[in-house]
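Here is the structure we will look at, set down as structure tokens.
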Amino acid sequence: MDYRSIFEDAVDALRTEKRYRVFADLERVAGQFPKAIYRDHADNERDITIWCSNDYLGMGQHPKVVSAMQETAGKLGVGSGGTRNISGTSRPLVELERSLADLHRKEAGLVFTSGFVSNEAGISTIARLLPDCVIFSDQLNHASMIQGVRQSGMQKSIFRHNDVAHLRELLAQVDRKRPKLICFESIYSMDGDIAPIKEICDLAEEFGALTYIDEVHAVGMYGARGGGIAEREGLMDRIDVIEGTLAKGFGTMGGYITANKAIIDAVRSYAAEFIFTTSLPPALCAAARASIEHLKGNGHERMMHQRQARLTKAILADAGLPVMDTETHIVPLMVGDARQCKAASDMLLEKHNIYIQPINYPTVPKGTERLRITPTPLHTDEMVFELRHALVSVWTSLELPREPADAKITASKLTSGDLTLPTVGG
Ligand SMILES: *Cc1c(COP(=O)(O)O)cnc(C)c1O
């Protein structure tokens with residue numbers, strides 16, 4: 001049996017479809033984000049600007065966060081030493097979970113090794129503990145939520161993306177006495193759109209369902225204390241389980257759920273993904289908590305983030321680039337073809353020292369391949385103009401489409417008032 005060729009053929013199939021993935025070898029430079037050193041396949045070095053990081057606020061290099069990690073490692077060492085149950089529950093981890101519960105105004109929090117694991121474990125464990133449960137899941141939910149739904153083995157019902165009428169129809173078809181769990185995200189990060197959270201909570205109330213929201217792309221970035229879209233809209237208390245990551249807006253690593261004590265105690269006690277794995281190291285917990293606490297008390301990063309996102313959208317749309325209309329900090333540029341998307345990304349890196357990873361299937365549907373741009377508070381206005389120059393040049397060279405009709409933001413939608421720099425604080 002030629003085992004090797006089976007794997008090679010599998011990978012060749014991806015090459016044929018133009019979705020073989022090449023990872024960029026990057027060295028982020030603390031204090032200089034979004035600048036980084038890029039090394040090509042021959043280890044040649046170049047300084048580049050990253051425009052696709054999920055370290056949305058640059059907290060991964062924030063001095064308070066870096067020193068929390070350094071100091072805690074110095075005092076407590078590096079590993080956690082065990083699973084949560086067997087010697088791995090460190091003081092910084094306990095404090096982190098309290099800080100997260102407080103962030104979302106919930107009774108308790110539970111930390112996992114990643115956001116992916118928190119969704120898989122959270123959804124599957126909660127659903128399994130509800131006898132004969134039906135899970136209602138948004139069609140565009142993240143792979144980790146889909147994994148949780150599958151893993152639960154419970155009946156599932158997929159509603160059309162953000163379609164409340166469809167969700168109502170599906171809820172109405174299920175016996176009122178059966179337990180129900182509605183799973184959705186606040187911000188869908190590929191299109192940058194926001195869920196109708198209030199309407200979903202209303203339906204949950206009407207049909208007696210539990211609600212589970214993934215706020216991964218919103219925590220740290222929205223709401224007065226960084227509690228996410230649900231905080232901004234005053235809806236945190238209407239959602240039963242709020243899930244988030246420590247790896248994006250908070251700039252570190254790990255995932256979590258927050259909920260009432262009964263739910264948290266049950267997941268803690270039943271989720272294999274939580275029980276049978278080593279806990280996060282104390283230094284990482286301390287860094288994450290420093291980031292969360294900083295963002296609770298300080299709106300500066302959030303404000304600058306929104307400003308730079310609005311500026312980037314307006315500048316790129318004004319240059320005739322196909323910016324998808326979004327209400328959030330995410331700036332998708334539609335290309336619509338895997339090969340061209342990769343070519344655009346390669347050219348940006350080779351000619352302009354700008355790194356934007358192409359987003360391809362299965363992350364987005366085929367035919368909607370795109371460049372997904374994530375401005376941060378640390379991208380200067382000058383960098384935004386450099387980006388425009390580079391993109392216009394690439395779009396012209398490759399003759400890429402400029403106007404996907406229904407997905408164009410017009411610069412006129414943005415008043416100049418949107419772009420003035422508000423005063424620091426809040
Ligand atoms: C990134 C992401 C996750 C996973 O979070 P990690 O901490 O990176 O594992 C979960 N949900 C959504 C919507 C995401 O985009």
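Can we say Ala224 is over 22 Å from Asp202 (Cα atoms) and within 13 Å of the ligand (Cβ to nearest atom)? In short, no.
A quick yes/no check of all residues on (1) farther than 24 Å from Met154 by Cβ; (2) more than 16 Å from the ligand (Cβ to nearest atom):
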| residue | (1), (2) |
| --- | --- |
| Ser189 | yes, no |
| Ile194 | yes, no |
| Ala204 | no, yes |
| Val216 | no, no |
| Asp237 | yes, yes |
| Lys261 | no, yes |
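Each row is one residue, and each column tells you yes or no for (1) in contact with a Cys (Cβ under 6 Å, 6 or more places away or on another chain); (2) within 27 Å of Thr363 (Cβ to Cβ); (3) away from the ligand (no atom under 14 Å from the Cβ).
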| site | (1), (2), (3) |
| --- | --- |
| Ser90 | no, no, yes |
| Thr113 | no, yes, no |
| Phe116 | no, yes, no |
| Gln147 | no, yes, no |
| Ser157 | no, yes, yes |
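Exactly one residue out of Ser397, Ser345, Ser393 is under 26 Å from Asn44 (Cβ atoms) and surrounded by 20 or more Cβ atoms within 10 Å (Cβ to Cβ): that is Ser345. Among the residues of the range 1-37, which ones are in contact (Cβ under 8 Å) with a residue 40 or more places away in the chain and under 19 Å from Pro375 (Cβ atoms)? Selection gives Ala24, Leu26, Phe33, Pro34, Ala36.
When Arg28, Arg46 are checked against the criterion of being at negative phi and surrounded by 14 or more Cβ atoms within 10 Å (Cβ to Cβ), a single residue qualifies: Arg28. One residue stands out among those in the range 173-227 that are of a type in the set (Ser, Thr, Tyr) and within 21 Å of Gly148 (Cα to Cα): the one that is surrounded by the most Cβ atoms within 10 Å (Cβ to Cβ), which is Tyr212. Among residues of the range 194-218 that are over 17 Å from Pro179 (Cβ atoms), those with a beta-carbon under 8 Å from a residue that is of a type in the set (D, E, K, R) and at pLDDT below 95 at least six positions away or on a different chain give the pairs Ile194/Glu327.
Within the range 38-93, the residues that satisfy the criterion of being in a helix (DSSP H, G or I) and more than 30 Å from Ile356 (Cβ to Cβ) are Ser67, Ala68, Gln70, Glu71, Thr72, Ala73, Gly74, Lys75, Leu76, Arg91, Pro92, Leu93. Among the residues of the range 53-70, those identified as more than 16 Å from the ligand (Cβ to nearest atom), buried (at least 17 other Cβ atoms within 10 Å of the Cβ) and either of a type in the set (Gly, Ala, Ser) or within 12 Å of Gly31 (Cβ to Cβ) (or both) are Gly58, Gln61, His62, Val66, Ala68.
Taking the residues in the range 113-135 that are under 21 Å from the mean Cα position of the chain (by Cα) and buried (at least 22 other Cβ atoms within 10 Å of the Cβ) as candidates, determine which candidate is farthest from Val267 (Cα to Cα). Top of the filtered list is Gly115. For the range 186-221, a residue qualifies if it is aromatic (Phe, Trp, Tyr) and either in contact with an Asp or Glu (Cβ under 7 Å, 6 or more places away or on another chain) or under 18 Å from His161 (Cα atoms) (or both), and the qualifying residues are Tyr188, Tyr212. Here Ser124, Ser157, Ser152, Ser118 are screened, and the one residue that is within 30 Å of Thr374 (Cα to Cα) and among the small types (Gly, Ala, Ser) is Ser118. Do you know which residues across the range 169-221 are among the hydrophobic types (A, V, I, L, M, F, W, C) and part of a strand (DSSP E or B)? Listed by number, the residues that qualify are Leu181, Ile182, Cys183, Phe184, Ile187, Ile194, Leu210, Ile213.
Selection of first residues in the range 136-159 that are touching a residue at least 40 places away in the same chain (Cβ under 8 Å) and of second residues that are more than 11 Å from the ligand (Cβ to nearest atom) and of a type in the set (D, E, K, R), restricted to Cβ pairs under 6 Å at least 6 apart or on distinct chains, gives the following pairs, ordered by first then second residue: Ser137/Lys156.
Within the range 12-36, being out of contact with any helix residue (DSSP H, G or I) (no Cβ under 8 Å at 6 or more places or on another chain), under 26 Å from Gly336 (Cβ atoms), aliphatic (A, V, I, L, M) and assigned to a loop (DSSP other than H, G, I, E, B) holds for one residue alone: Val22.
If you check Leu129, Leu96 for being within 16 Å of Asn260 (Cα to Cα), out of contact with any Pro (no Cβ under 6 Å at 6 or more places or on another chain) and modelled with pLDDT of 95 or more, only one passes: Leu129. Going by the conditions given, is Phe136 in a strand (DSSP E or B) and within 16 Å of the ligand (Cβ to nearest atom)? No; evaluated as a whole, the condition is false for this residue. With respect to His166, determine if the residue is assigned to a loop (DSSP other than H, G, I, E, B) and under 25 Å from Tyr188 (Cα atoms). No.
The values are calculated or read from the model by the stated rules, or taken from the named source; none is laboratory data. Remember, it's a predicted structure, so these values are computed and weren't measured experimentally. Please note: Cβ atoms are built from the backbone with ideal geometry, for glycine as well, and neighbour counts cover all protein chains shown.
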